[in-house]
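The values are calculated or read from the model by the stated rules, or taken from the named source; none is laboratory data. Model, not experiment: these values are computed from the prediction. When we count neighbours, we look across all protein chains shown, and the Cβ atoms used for this are built from the backbone with ideal geometry, even at glycine. In case anyone asks, the SASA skips ligands and DNA or RNA and just uses the protein heavy atoms, side chains included. Shrake-Rupley method; radii C 1.70, N 1.55, O 1.52, S 1.80 Å.
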Amino acid sequence: MRSDLNLCVFCGSSLGADPAYAAAAADLGAELARRGIGLVYGGASVGLMGAVADAALGAGGEVVGVLPEALADLEIAHGGLTELRIVASMHERKAQMAALSAGFVALPGGVGTLEETFEVWTWSQLGIHAKPVGLLNVNGFYDGLEAFLDHMAEQRFVKPVHRAIMASDADPAALIDRLLAADIPTDRKWVDELKP
Ligand code: AMP
(Lines give C-alpha, C1' and ligand atoms only; values in the text may rest on other atoms or scores of the structure.)
Protein backbone atom coordinates (compact mmCIF):
# COMPACT_ATOMS: atom_id res chain seq x y z
CA MET A 1 0.00 0.00 0.00
CA ARG A 2 1.47 3.38 -0.94
CA SER A 3 -0.42 5.70 1.44
CA ASP A 4 1.72 6.55 4.44
CA LEU A 5 -1.40 6.97 6.55
CA ASN A 6 -4.10 4.33 6.83
CA LEU A 7 -7.24 4.31 8.92
CA CYS A 8 -9.05 1.08 9.74
CA VAL A 9 -12.83 0.89 9.49
CA PHE A 10 -14.84 -1.69 11.42
CA CYS A 11 -18.44 -2.06 10.32
CA GLY A 12 -21.36 -4.39 9.83
CA SER A 13 -21.31 -7.22 7.36
CA SER A 14 -25.02 -6.32 7.00
CA LEU A 15 -26.52 -3.12 5.63
CA GLY A 16 -28.76 -2.52 8.65
CA ALA A 17 -32.30 -1.18 8.66
CA ASP A 18 -31.62 2.46 7.75
CA PRO A 19 -30.27 3.37 4.28
CA ALA A 20 -28.40 6.19 6.05
CA TYR A 21 -25.87 3.60 7.27
CA ALA A 22 -24.73 2.64 3.76
CA ALA A 23 -24.76 6.30 2.75
CA ALA A 24 -22.49 7.14 5.70
CA ALA A 25 -20.19 4.22 4.84
CA ALA A 26 -19.90 5.59 1.30
CA ASP A 27 -19.25 9.14 2.57
CA LEU A 28 -16.52 7.86 4.88
CA GLY A 29 -14.85 5.80 2.12
CA ALA A 30 -14.90 8.74 -0.30
CA GLU A 31 -13.60 11.15 2.36
CA LEU A 32 -10.65 8.86 3.16
CA ALA A 33 -9.78 8.63 -0.54
CA ARG A 34 -10.12 12.41 -1.01
CA ARG A 35 -7.57 12.96 1.78
CA GLY A 36 -5.16 10.32 0.43
CA ILE A 37 -5.73 8.14 3.50
CA GLY A 38 -5.64 4.39 2.82
CA LEU A 39 -8.56 2.26 4.02
CA VAL A 40 -7.91 -0.94 5.94
CA TYR A 41 -10.99 -3.08 6.54
CA GLY A 42 -12.23 -6.66 6.77
CA GLY A 43 -12.04 -7.47 3.04
CA ALA A 44 -15.66 -8.42 2.41
CA SER A 45 -17.91 -7.26 -0.43
CA VAL A 46 -21.12 -7.48 1.60
CA GLY A 47 -22.99 -5.04 3.84
CA LEU A 48 -21.42 -1.80 5.04
CA MET A 49 -18.01 -3.42 4.52
CA GLY A 50 -18.63 -3.50 0.78
CA ALA A 51 -20.10 0.02 0.79
CA VAL A 52 -17.09 1.68 2.42
CA ALA A 53 -14.61 -0.19 0.21
CA ASP A 54 -16.49 0.49 -3.04
CA ALA A 55 -16.72 4.21 -2.26
CA ALA A 56 -13.02 4.51 -1.40
CA LEU A 57 -12.02 2.64 -4.57
CA GLY A 58 -14.51 4.65 -6.66
CA ALA A 59 -12.90 7.88 -5.43
CA GLY A 60 -9.43 6.65 -6.38
CA GLY A 61 -8.36 5.51 -2.90
CA GLU A 62 -6.26 2.56 -1.83
CA VAL A 63 -7.95 -0.25 0.09
CA VAL A 64 -6.43 -3.22 1.89
CA GLY A 65 -8.78 -5.99 3.03
CA VAL A 66 -7.82 -8.57 5.64
CA LEU A 67 -10.06 -11.62 5.58
CA PRO A 68 -9.75 -14.93 7.44
CA GLU A 69 -9.71 -17.98 5.21
CA ALA A 70 -12.77 -19.43 6.91
CA LEU A 71 -14.82 -16.31 6.07
CA ALA A 72 -13.61 -15.84 2.50
CA ASP A 73 -16.73 -17.49 1.05
CA LEU A 74 -19.17 -16.48 3.77
CA GLU A 75 -18.38 -12.77 3.61
CA ILE A 76 -17.66 -12.97 -0.13
CA ALA A 77 -14.16 -11.61 -0.60
CA HIS A 78 -14.03 -8.28 -2.44
CA GLY A 79 -12.49 -8.85 -5.87
CA GLY A 80 -11.33 -5.32 -6.69
CA LEU A 81 -9.17 -4.22 -3.77
CA THR A 82 -5.69 -2.70 -3.96
CA GLU A 83 -4.63 -5.66 -1.82
CA LEU A 84 -6.52 -8.59 -0.28
CA ARG A 85 -4.76 -10.46 2.50
CA ILE A 86 -6.17 -13.89 3.31
CA VAL A 87 -5.11 -14.84 6.84
CA ALA A 88 -5.49 -17.97 8.94
CA SER A 89 -7.57 -16.68 11.85
CA MET A 90 -9.63 -13.87 13.35
CA HIS A 91 -6.76 -13.08 15.67
CA GLU A 92 -4.36 -12.68 12.78
CA ARG A 93 -6.91 -10.52 10.99
CA LYS A 94 -7.23 -8.11 13.90
CA ALA A 95 -3.48 -7.99 14.50
CA GLN A 96 -2.79 -7.13 10.86
CA MET A 97 -5.57 -4.55 10.66
CA ALA A 98 -4.24 -2.84 13.79
CA ALA A 99 -0.61 -2.95 12.69
CA LEU A 100 -1.43 -1.40 9.29
CA SER A 101 -3.50 1.47 10.73
CA ALA A 102 -2.90 4.75 12.55
CA GLY A 103 -6.43 4.83 13.97
CA PHE A 104 -9.85 3.21 13.88
CA VAL A 105 -13.43 4.16 12.97
CA ALA A 106 -16.51 2.10 13.81
CA LEU A 107 -19.48 2.51 11.51
CA PRO A 108 -22.76 0.97 12.66
CA GLY A 109 -22.50 -2.79 12.94
CA GLY A 110 -23.15 -5.84 15.05
CA VAL A 111 -21.26 -8.02 17.48
CA GLY A 112 -18.16 -8.33 15.26
CA THR A 113 -17.91 -4.56 14.89
CA LEU A 114 -18.13 -3.98 18.64
CA GLU A 115 -15.65 -6.74 19.41
CA GLU A 116 -13.05 -5.29 17.04
CA THR A 117 -13.63 -1.71 18.22
CA PHE A 118 -13.41 -2.54 21.90
CA GLU A 119 -10.25 -4.54 21.41
CA VAL A 120 -8.33 -1.65 19.80
CA TRP A 121 -9.71 0.72 22.45
CA THR A 122 -8.40 -1.52 25.24
CA TRP A 123 -5.03 -1.65 23.50
CA SER A 124 -4.82 2.17 23.67
CA GLN A 125 -5.93 2.07 27.31
CA LEU A 126 -3.23 -0.47 28.17
CA GLY A 127 -0.50 1.22 26.13
CA ILE A 128 -0.13 -1.72 23.71
CA HIS A 129 -0.51 0.96 21.06
CA ALA A 130 -1.43 4.65 21.24
CA LYS A 131 -3.99 4.96 18.45
CA PRO A 132 -7.28 6.89 18.36
CA VAL A 133 -10.69 5.24 18.03
CA GLY A 134 -13.99 6.82 17.04
CA LEU A 135 -17.64 5.96 16.51
CA LEU A 136 -19.36 7.27 13.40
CA ASN A 137 -22.66 7.91 15.11
CA VAL A 138 -25.04 7.78 12.15
CA ASN A 139 -28.57 8.85 13.08
CA GLY A 140 -27.84 8.27 16.76
CA PHE A 141 -27.01 4.58 16.26
CA TYR A 142 -24.40 4.68 19.04
CA ASP A 143 -26.28 6.96 21.49
CA GLY A 144 -27.23 4.06 23.77
CA LEU A 145 -23.68 2.68 23.78
CA GLU A 146 -22.19 6.10 24.54
CA ALA A 147 -24.57 6.54 27.48
CA PHE A 148 -23.40 3.19 28.82
CA LEU A 149 -19.72 4.10 28.34
CA ASP A 150 -20.37 7.29 30.36
CA HIS A 151 -22.04 5.14 33.01
CA MET A 152 -18.95 2.89 33.21
CA ALA A 153 -16.78 5.97 33.74
CA GLU A 154 -19.18 7.43 36.33
CA GLN A 155 -19.09 4.12 38.18
CA ARG A 156 -15.28 4.30 38.16
CA PHE A 157 -14.59 1.26 36.03
CA VAL A 158 -13.04 3.47 33.34
CA LYS A 159 -10.88 6.55 33.90
CA PRO A 160 -12.32 9.71 32.30
CA VAL A 161 -9.08 10.07 30.35
CA HIS A 162 -9.60 6.60 28.86
CA ARG A 163 -13.32 7.17 28.24
CA ALA A 164 -12.28 10.22 26.22
CA ILE A 165 -10.19 8.11 23.82
CA MET A 166 -13.44 6.88 22.25
CA ALA A 167 -14.42 9.83 20.05
CA SER A 168 -17.81 10.18 18.39
CA ASP A 169 -19.21 12.28 15.60
CA ALA A 170 -22.05 11.99 13.09
CA ASP A 171 -19.95 13.51 10.32
CA PRO A 172 -17.15 11.46 8.68
CA ALA A 173 -14.90 14.44 7.93
CA ALA A 174 -15.25 15.82 11.46
CA LEU A 175 -14.56 12.39 12.97
CA ILE A 176 -11.42 11.91 10.84
CA ASP A 177 -10.22 15.41 11.91
CA ARG A 178 -10.71 14.45 15.56
CA LEU A 179 -8.82 11.18 15.19
CA LEU A 180 -5.93 12.85 13.39
CA ALA A 181 -5.69 15.51 16.15
CA ALA A 182 -6.07 13.05 19.05
CA ASP A 183 -3.45 12.87 21.75
CA ILE A 184 -3.67 9.43 23.35
CA PRO A 185 -2.92 9.56 27.10
CA THR A 186 -0.33 7.40 28.75
CA ASP A 187 -2.07 7.26 32.16
CA ARG A 188 -2.11 3.98 33.93
CA LYS A 189 -5.27 1.99 33.37
CA TRP A 190 -6.22 1.54 37.01
CA VAL A 191 -8.89 3.79 38.44
CA ASP A 192 -7.69 3.17 41.96
CA GLU A 193 -4.17 2.42 43.03
CA LEU A 194 -3.90 -1.27 43.84
CA LYS A 195 -3.30 -1.73 47.52
CA PRO A 196 -2.08 -4.87 49.26
P1 AMP B 1 -20.78 -7.75 12.38
O2 AMP B 1 -20.63 -6.39 12.99
O3 AMP B 1 -21.18 -8.80 13.37
O4 AMP B 1 -21.61 -7.75 11.12
O5 AMP B 1 -19.31 -8.20 11.93
C6 AMP B 1 -18.45 -7.31 11.30
C7 AMP B 1 -17.16 -7.98 10.99
O8 AMP B 1 -16.54 -8.42 12.21
C9 AMP B 1 -17.29 -9.22 10.10
O10 AMP B 1 -16.24 -9.19 9.15
C11 AMP B 1 -17.06 -10.35 11.08
O12 AMP B 1 -16.48 -11.46 10.45
C13 AMP B 1 -16.08 -9.73 12.03
N14 AMP B 1 -15.99 -10.43 13.30
C15 AMP B 1 -16.95 -11.07 13.99
N16 AMP B 1 -16.48 -11.58 15.14
C17 AMP B 1 -15.15 -11.29 15.17
C18 AMP B 1 -14.09 -11.55 16.07
N19 AMP B 1 -14.27 -12.23 17.20
N20 AMP B 1 -12.85 -11.09 15.76
C21 AMP B 1 -12.66 -10.40 14.61
N22 AMP B 1 -13.61 -10.10 13.74
C23 AMP B 1 -14.85 -10.54 14.00
For Ala164, work out the one condition from (1) open to solvent by 40 Å² or more (accessible area, probe 1.4 Å); (2) farther than 23 Å from Ala102 by Cα; (3) under 18 Å from the mean Cα position of the chain (by Cα) it doesn't fulfil. (2)
Touching a strand residue (DSSP E or B) at 6+ places or on another chain (Cβ under 7 Å), of a type in the set (A, V, I, L, M, F, W, C) and at pLDDT below 95 - does that describe any residue in the range 33-40? no
In a loop (DSSP other than H, G, I, E, B), modelled with pLDDT of 95 or more and among the hydrophobic types (A, V, I, L, M, F, W, C): does that describe Ala17? yes
For the range 94-137, name all the residues that are within 16 Å of the ligand (Cβ to nearest atom), open to solvent by less than 40 Å² (accessible area, probe 1.4 Å) and in contact with a Lys or Arg (Cβ under 8 Å, 6 or more places away or on another chain). Ala98, Ser101, Phe104, Glu116, Val120
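Quick check on Glu62: is it of a type in the set (D, E, K, R), away from the ligand (no atom under 11 Å from the Cβ) and closer than 26 Å to Ser89 by Cβ?
yes
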Residues of the range 121-158 being over 16 Å from the mean Cα position of the chain (by Cα), acidic (Asp, Glu) and under 26 Å from Pro19 (Cα atoms), which ones? Asp143
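If I ask for residues that are near the ligand (Cβ under 10 Å from one of its atoms) and either at positive phi or open to solvent by 30 Å² or more (accessible area, probe 1.4 Å) (or both), which ones from the range 36-59 would you list?
Of all residues in the range 36-59, those near the ligand (Cβ under 10 Å from one of its atoms) come to 41-44, 46-49.
Across the range 36-59, the qualifying residues are Gly43, Val46, Gly47.
Just checking, which of Ala77, Ala70 is in contact with a strand residue (DSSP E or B) (Cβ under 6 Å, 6 or more places away or on another chain), open to solvent by 20 Å² or more (accessible area, probe 1.4 Å) and within 14 Å of the ligand (Cβ to nearest atom)?
Numbers: Ala70 fails: in contact with a strand residue (DSSP E or B) (Cβ under 6 Å, 6 or more places away or on another chain).
The match here is Ala77.
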Which numbered condition trips up Glu83, out of (1) more than 15 Å from Phe10 (Cα to Cα); (2) open to solvent by less than 40 Å² (accessible area, probe 1.4 Å)? (2)
